[in-house]
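Undergrad: One structure, as structure tokens, below. Some questions next.
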Amino acid sequence: MADTPEELQKHLKAYTIVGAALLVFTVITVAVTYVDFGHTFANVGIGLGIATFKAGLVAYIFMHLNHERAMIYRILVFTFFFVAGMFLLFMLAQADPITRFR
Amino acid sequence: MDIPYTVTARPDTGLWNAKVGIWLFLASEVMLFGGLFSSYIFLRLGADYPWPMHELQVGFGFVNTLVLIASSVFVVYAWVALKMRNWRRFQFWMFLVIVSAGLFLVNKSFEYYNKLTHYHAELQDGTIIAGHLPKENSKEAKSIVFEASHVSVDSASGSHYFLKYLENKDDVRFVTEGGIEVDPSRKWFENLKRGLKLSAKADRLAAEGDIAAADRLSAAVEKDYKILGEVNGAGQVRLTLSKPGKFVVPRHKTLSWEETKMDFTRGLATSLEGMLVSASLKLAVDELDMREYLRRDEPREKVISESTLFGHFDENAEGQQLLKDFTDYHTPLVAEYEAAVAEWRLENPGEEFEEDTFMEWERIKLDKLHKILEEGHAASGDGYEQTAAAGAGAGHHGHPYVTVPFEDVRFFSNYGPRKNPYNAIYFTMTGLHGLHVLGGMFVLGYFLVFGRKLFLQNPEHMANRVEVGGLFWHFVDLVWIFLFPIFYLM
Amino acid sequence: MATATTANPHLADHSHDSDHGHHEDPFWRKYVFSTDHKMIGLQYGFTALFFLAFGFYLMLCMRWSIAYPGVQLPWYLRLFLVDRFVSDGVMNGSLYNMFGAMHGTIMVFLGIVPLGFAAFGNYVTPLQIGAIDMAFPRLNMASFWCFFIGGLMMLGSFFMPSGAAQVGWTNYSPLATTAQLDYPNVFWTGQTMWLSAMVFIITSSLLGAVNFIATIINLRAKGLTWMRLPFFVWAMMVTGFLLLLAFPPLEVAAIMQLMDRLAFSSFFVPEGLVVNGARFDVSGGGSPLLYQHLFWFLGHPEVYVLLLPAIAIVAEVIPANTRKPLWGYRSMVYGVLVLGFLSFIVGAHHMYMTGMGAWVSAFFQTTTVLISVPSVILLTCLLISLWGGSIRFTPPMLWATAFLPMFGIGGLTGLPLAFNLIDLHLHDTYYVIGHFHYVVAPGVIFGLFAGLYHWYPNWTGRMLNGFLAHLHFWPSLIAMNVLFAPMMVQGVAGFHRRWYDGGQSFPLTTDKVLFEANGFISNLFANGELITIRDLNILMTFGAMMLAVAQLPFIINFFGSLVFGKKITSDNPWGATTLEWATPTPPPHGNFTFEPVADKGPYEYSVPGADRDFTPQWIEPAEEGRPVEEPVKV
């Protein structure tokens, strides 16, 4: 991490821009949910896509994941793998039951 | 003894300790919220009720999203200020962070309050009504009220918990069958239980042949537990109340009720004799939902107005007007619905009809109905207000009252976690998130208030701390970015 | 023997140590709210040993009830039971359920994990990586006290009006959701307290895991590169990750079940549930399957949390006592990493009976079979490490060698359970009980005993008595097998795990004749000459009692040797190579008297050309009159 005042000033600018972008995308998220894209999965997918993009901005810029050490990435890769696995497992559990329980 | 690498980074990993620590902690937080999000997915995919989209007020969530995003920006500003060794600017931005967090929580608590005071009842035939309890006597409006002349308690369990539901505790005295007046206190019942237990033990000792010990114990019991003489041994102890005791009991604490008798749940092991005052739910209705009713009414020959609900509208003009509004609006809708189903059947011959196909359709239509009801109230607002002033029947925001006996209510709850898994996961996730906001607020607040000393000693250490706290704060923001759409929007 | 770590005045005033050694911490700071990793490790150790004994006692009561249903407990078991539990001294069904649930919970979460991971991990890890303490000492202390509060809550739950939790250590909903709801205040029931206590225990584990991993990443001594780390440290790191990433889903499950019990939500409750003949008054719409998925997402990594510390201890003890390097160090490291990774995606093999679909079952069947590969790599490496070594059967080595076959039996009996079809037959039978007890009791606990005997001198400066150690080991080994081997036989015959009367009420299953006996043997059993599989209960209960008696020499030895044990003459009594033996005995707060620097791998035993049969990992500090030891080139 560069700590010179000039670098930090540049960071500040980036933070302001990202913050503004996040606000704009929040408005967009709300707006698109009033538009019907034809299918529930499409509606949910688009909403989640925007949310993921916003979350990515926060993680990448605010949480400095754009220049972090290898060790941190290693930890996070495993974490995200397991979270994704958990999502998949829970979806599968609903999609593939022997008997429907409802 | 100083732990190395608390401030400066270890050369080969390039990290200082707290940085590793916070990322590990966040990894575990990711799993925590990951577990909750996957539960959400599971519950949503498996939901056999229409998913309540836009049920929460989007405005609240929207404002909170903006507040949290802004606070995230403030945190990085504060961190940069520390990096540039500017304490005053740090203070300024950090103060704004704390204010934002406070704003978020205040906003959230309003939202919670609205949900928790809004009630929902599903009648036996599937009709769902929602509304508010009357402002006065709200406890009695959702409970069973019983005026008891006698109380029967299971002495062995010594259950005194029914006292919690006795309203006029101070006026009432209990009289045993032996004619002795006792204090309706917890202590009396506990003594009773202990005494009975000891005398049972004495009996057991006697049966085992240890006569001396049994005698000793019996003597002690007789001396210390005179209460035992006042009741008729083990089993049910029947107490008479000096004057009618008013019990206000939540429905789920009762096993059954009749005109003259009421039983508490098994664990309380208590029953009352006397007179049932009321056993019905009184709500100022602001929403009707006939989807479940329609689903169950497969042949669709009955009309909506035959729902048991309409038997319970207040007999005054407003109640009748609401009934008329509803029927007028809904009769063509049902016809339209029937036509749509018939058309679908023509287009898909031989396929099994699934109600879910039309769920969305019904929801939209009924949302419109909800609006019409609201407008109707606004239009005839004066009338409702007047009756409210007269105290005759209208209540909350001029909505008409409906009084439904508990026998007709299949399920009753507020809009809290009990209502359905959607509300449950909403409260669990936002509640946990709220706790994280509160925790972050404390930590960052600590830096703001007590950080000066460390800043003067070792500003880099202080900056590191704020970076770590900031990382946590961004994570909390990041979670909210997902929570907002999945609960409020879609 | 090497005098590696005699105090060296020139190095003792290393800058980090400038402010210690002059003042003694007050008692409560040193022994109670200590931030020293060794003291915290000991606190964990003693608490865990207490809980192990307590869980063991619960087991004895249960085994008595199984062998002699309806018969009054013997006086030595009734000694600790107050009237409120058994007025007539006979175990009843609900007490059995309570003891069963708490035996599992206490052994897993309050006994073995704290002993293996928290106690040994805390004591040994920083020493082995040459750190002066953990990365976050105060967090470490918080972790212990969270654990302690959780433990107290678990114990306290026995004394609530409802008694402790009763629905098994897995706490399955909806049974757990609806249990003990009759009590007026649901919060003060054992079932709810179990959940609250779990939240504390989980929090403690998370804090501990963060601390361990951060310490291992950032506080390794100079020159201690990743592939020079002792295997124990690697295992602790993997265990830390398992705790870190697998425990949160359980925390979620606990919180959601708390909501179900206290706020009457219905996460795990389907619609139309009937409890005690009445409709359960909640909205419904949830699913018990959700709980099981969340629980077993933790559940399987948890098994390896129990296991890895024990394997790691054995991996330390074996090279030190065979005087040859650990065979296949690298494959063991990679094996343990793969094991940790795979353990996250096998959990649902506990749920074949829930009605999961064929695809999900097939997937988990595959991964479950896959995970046996790294397990076998670990075990095989340890086994081959024995080959060609000059084995010294010191007390720790006895336990370590016994660990190998015992754990092998436990692992191999697990294979049939991995297969969907066989599991349908064996699910919830004593076969399962036998399988995982072979892994955990003679497996893990033997490993932990090896660790206790191995590191005892480092803590006290005294050796444990060898004779008593043998008196502890041999009866334990026999008793364990008498106790657990018959379970497999019973299980295959269909003996269900939750019959509190020992299967008396299911004679069709349990009266199958095993063999005909006469004379002495037939006198031992109730049925006389026809010995049925139910009669094995008596044999197993005898094994359990024997196991209890076999621990007496250990208790005497453990406390007696504090005073009477033979003093060690060197700081490195076993002639081991890893860094924990470079400290003075016992290690002071701050551990090292010199700055440890490693220049070779962890297991340099019998290096050709070296003057001793072990070459420590660290560079000997310069001392007056003695040259700095040259690093050995291999």
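Just so you know, all these numbers are worked out from the coordinates, no wet-lab data involved. Just so we're clear, the structure is a prediction, and the values are computed from it rather than from any experiment. With ideal geometry, Cβ positions are generated from the backbone for all residues, glycine too; neighbour counts draw on all protein chains shown.
Undergrad: Ranked from highest to lowest mean number of other Cβ atoms within 10 Å per residue, what is the order of the peptides A:50-57, C:164-171?
TA: Numbers: A:50-57: 18.8, C:164-171: 22.5.
By packing density, highest mean first, the sequence is C:164-171, A:50-57.
Undergrad: Over the Cα atoms of the protein assembly as shown, what radius of gyration and what Dmax do you get, in Å?
TA: 34.2, 110
Undergrad: Taking beta carbons within 10 Å but only from partner chains, what does the mean come to for residues B:105-112?
TA: Per residue, the number of nearby Cβ atoms from other chains is 0 on average.
Undergrad: How many nm separate the modelled label positions at C:GLU24 and C:ILE149, each set 7 Å beyond the Cα in the direction of the Cβ?
TA: 3.2 nm
Undergrad: Here is a further query. Treat each spin label as a single point 7 Å out from the Cα along the C-beta direction, and report the C:ALA358 to C:THR569 distance in nm.
TA: According to this spin-label approximation, the distance is 7.2 nm.
Undergrad: A further question on this structure: Output wanted: per-residue J couplings in Hz (rounded whole) for region C:303-312, from phi through Karplus 6.51 cos²θ - 1.76 cosθ + 1.60, θ = phi - 60°, x for Gly and Pro.
TA: Working through the residues one at a time gives 4, 6, 5, 5, 7, 4, x, 5, 4, 5 Hz.
Undergrad: For chain C, what is the charge dipole size about the Cα centre, in debye to the nearest 20, if Lys and Arg each add +1 at the Cβ and Asp and Glu each add -1 at the Cβ?
TA: Its charge dipole is roughly 480 debye.
Undergrad: Output ³J(HN,Hα) for region B:439-450: one whole-Hz value per residue in order, computed from phi by the Karplus curve 6.51 cos²θ - 1.76 cosθ + 1.60 with θ = phi - 60°, and x for Gly and Pro.
TA: For region B:439-450, the Karplus curve yields x, x, 4, 5, 5, 5, x, 4, 4, 5, 7, 10 Hz.
Undergrad: Then there's this: Based on the mean of other Cβ atoms within 10 Å per residue, sort peptides A:64-71, C:478-485 so the most packed one is first.
TA: C:478-485, A:64-71
Undergrad: Something else now. What list do you get for C:HIS470, B:HIS436 if you sort them by fewest beta carbons within 10 Å? Show your work: numbers first, answer last.
TA: Working: C:HIS470 14, B:HIS436 19.
Lowest count first: C:HIS470, B:HIS436.
Undergrad: Sticking with this one: In peptide B:419-432, how many Cβ atoms from other protein chains are near each Cβ within 10 Å, on average?
TA: 5
Undergrad: Which one of B:GLY126, B:VAL97, C:PRO230 has its Cα pushed farthest toward the positive end of the charge dipole of the protein assembly as shown, where Lys and Arg give +1 and Asp and Glu give -1 at the Cβ?
TA: C:PRO230
Undergrad: Going Cα to Cα from B:LYS187, which lysines come in below 28 Å? Please leave out same-chain ones fewer than 8 positions away.
TA: Of all the lysines, those that pass the test against B:LYS187 - Cα under 28 Å, at least 8 places apart if same chain - are B:LYS139, B:LYS164, B:LYS169, B:LYS197, B:LYS201, B:LYS223, B:LYS226, B:LYS243, B:LYS246, B:LYS253, B:LYS261.
Undergrad: May I have the pair-distance distribution P(r) for chain C, computed from all Cα-Cα distances with 10 Å bins from 0 and rounded to whole percent?
TA: Calculated over all Cα pairs of chain C, the distribution is 3, 15, 26, 26, 17, 9, 3, 1, 0 percent.
Undergrad: Let me ask something else. With r as the distance between the Cβ atoms of B:LEU255 and B:ASN348 and R0 = 51 Å, compute the FRET efficiency 1/(1 + (r/R0)^6) and round to 0.05.
TA: Efficiency computed from Cβ-Cβ geometry: 0.60.
Undergrad: Please get the size of the charge dipole for region C:393-567, origin at its Cα centre, with Cβ charges of +1 on Lys and Arg and -1 on Asp and Glu, quoted in debye to the nearest 20.
TA: The dipole magnitude comes to about 760 debye.
Undergrad: While we're looking at this one, here's another question. Can you list the lysines whose alpha carbon is less than 21 Å from that of C:LYS324, not counting same-chain residues fewer than 8 positions off?
TA: Partners found: C:LYS600, C:LYS633.
Undergrad: So, how do all the Cα-to-Cα distances of region C:87-244 break down into 10 Å bins, in percent, from 0 on up?
TA: 11, 35, 25, 17, 10, 3, 0
Undergrad: Mind giving me the FRET efficiency for B:ILE180 and B:GLN236? R0 is 25 Å, r the Cβ-Cβ distance, nearest 0.05 is fine. Write down the numbers at each step before the final one.
TA: On the way: r = 17 Å, r/R0 = 0.69.
Between B:ILE180 and B:GLN236 the formula returns 0.90.
Undergrad: Using a 10 Å cut-off on Cβ to Cβ distances, tally the other chain neighbours for every residue of A:73-84 and report the average as a whole number.
TA: Average neighbour count from other chains, rounded to a whole number: 6.
Undergrad: Given H placed 1.01 Å from N in the peptide plane, which residues other than close sequence neighbours of C:LYS222 have an amide H under 5 Å from its amide H?
TA: For C:LYS222, the qualifying residues are C:ALA598.
Undergrad: Further question on the same structure: Under the 0.36 nm per residue contour assumption, what length would be gained going from the current alpha-carbon distance of B:LEU438 and B:GLN57 to full extension?
TA: Contour length minus the Cα-Cα distance gives 134.9 nm.
Undergrad: Calculate one ³J(HN,Hα) per residue across region C:489-503 by plugging θ = phi - 60° into the Karplus curve 6.51 cos²θ - 1.76 cosθ + 1.60, and present them in order as whole Hz with x for glycine and proline.
TA: Each residue of region C:489-503 in turn: 4, 4, x, 4, 6, x, 6, 7, 6, 10, 7, 6, 9, x, x Hz.
Undergrad: If you don't mind, there's one more thing I want to ask. Once you compute Rg and the Kirkwood Rh from C-alpha atoms, what is the Rg to Rh ratio for region C:393-567?
TA: That ratio is 1.07, to two decimals.
Undergrad: From the convex hull of the Cα coordinates of region A:1-87, what is the mean projected area in square nanometres?
TA: 7.1 nm²
Undergrad: Stokes-Einstein diffusion coefficient for region C:158-231 at 10 °C in a medium of 1.306 mPa s, Rh from the Kirkwood formula over Cα pairs: what value in µm²/s?
TA: Values: Rh = 15.3 Å.
The diffusion coefficient I find is 103 µm²/s.
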